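Okay, here's the structure, questions in a sec.
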């Protein structure tokens, strides 16, 4: 399966793309992970959205922020892949695309994330280093990680 990648500011998203990304985020973060939380946090309009599509379907998604929005550093969040592509390398390509998105929009710089603790090893493979003690967010263990320049 060949995935097409696109970076889009909030205002450049079509209504259908916005619907699909919110649907995928709900399917995974709310339903699959059984976590009731405020997904629509008022930050989507400040993000550049990374969309990976195949066959007209959203397969992978993340949102990227400049420094000063979520953390003092640039950040990547809402990293997600459709269940059907997990284990195929799509998540790794999503991270490569997301890191490239930050660099393309705001230049080479450190990137901080709030990672689900169970995915710490995944993010280590992309140059992120553990940068804080574990904490609970929305009932799920997380850890801050920093990818230095």
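Out of all the residues in the range 1-29, which are over 18 Å from residue 90 (Cα atoms) and surrounded by 14 or more Cβ atoms within 10 Å (Cβ to Cβ)?
Residues satisfying the conditions are 8, 10, 13, 17, 18, 22.
Can you find even one residue in the range 109-128 that is part of a strand (DSSP E or B), free of Cβ contacts under 8 Å to residues at least 60 places away in the same chain and surrounded by fewer than 14 Cβ atoms within 10 Å (Cβ to Cβ)?
There is no residue in the range 109-128 that is part of a strand (DSSP E or B), free of Cβ contacts under 8 Å to residues at least 60 places away in the same chain and surrounded by fewer than 14 Cβ atoms within 10 Å (Cβ to Cβ).
I would also like to ask the following. Condition check: in a loop (DSSP other than H, G, I, E, B) and in contact with a helix residue (DSSP H, G or I) (Cβ under 8 Å, 6 or more places away or on another chain). Does residue 60 satisfy that?
The answer is no for residue 60.
Could you say which residue among 75, 98 is outside any helix (DSSP H, G or I), at pLDDT 95 or above and closer than 16 Å to residue 48 by Cβ?
75
Going through the range 1-20 one residue at a time, which ones are in contact (Cβ under 8 Å) with a residue 12 or more places away in the chain and outside any helix (DSSP H, G or I)?
Listed by number, the residues that qualify are 1, 2, 3, 4, 5, 6, 7, 8, 9, 13.
Mind checking which residues of the range 49-68 are within 13 Å of the chain's Cα centre (by Cα), more than 10 Å from residue 81 (Cα to Cα) and free of Cβ contacts under 8 Å to residues at least 40 places away in the same chain?
Within the range 49-68, 63, 65 meet the criteria.
The values are calculated or read from the model by the stated rules, or taken from the named source; none is laboratory data. Computed from a prediction, not measured in an experiment: that's the story for all the values here. No Cβ is skipped: glycine too gets one built from the backbone with ideal geometry, and neighbour counts run over all protein chains shown.
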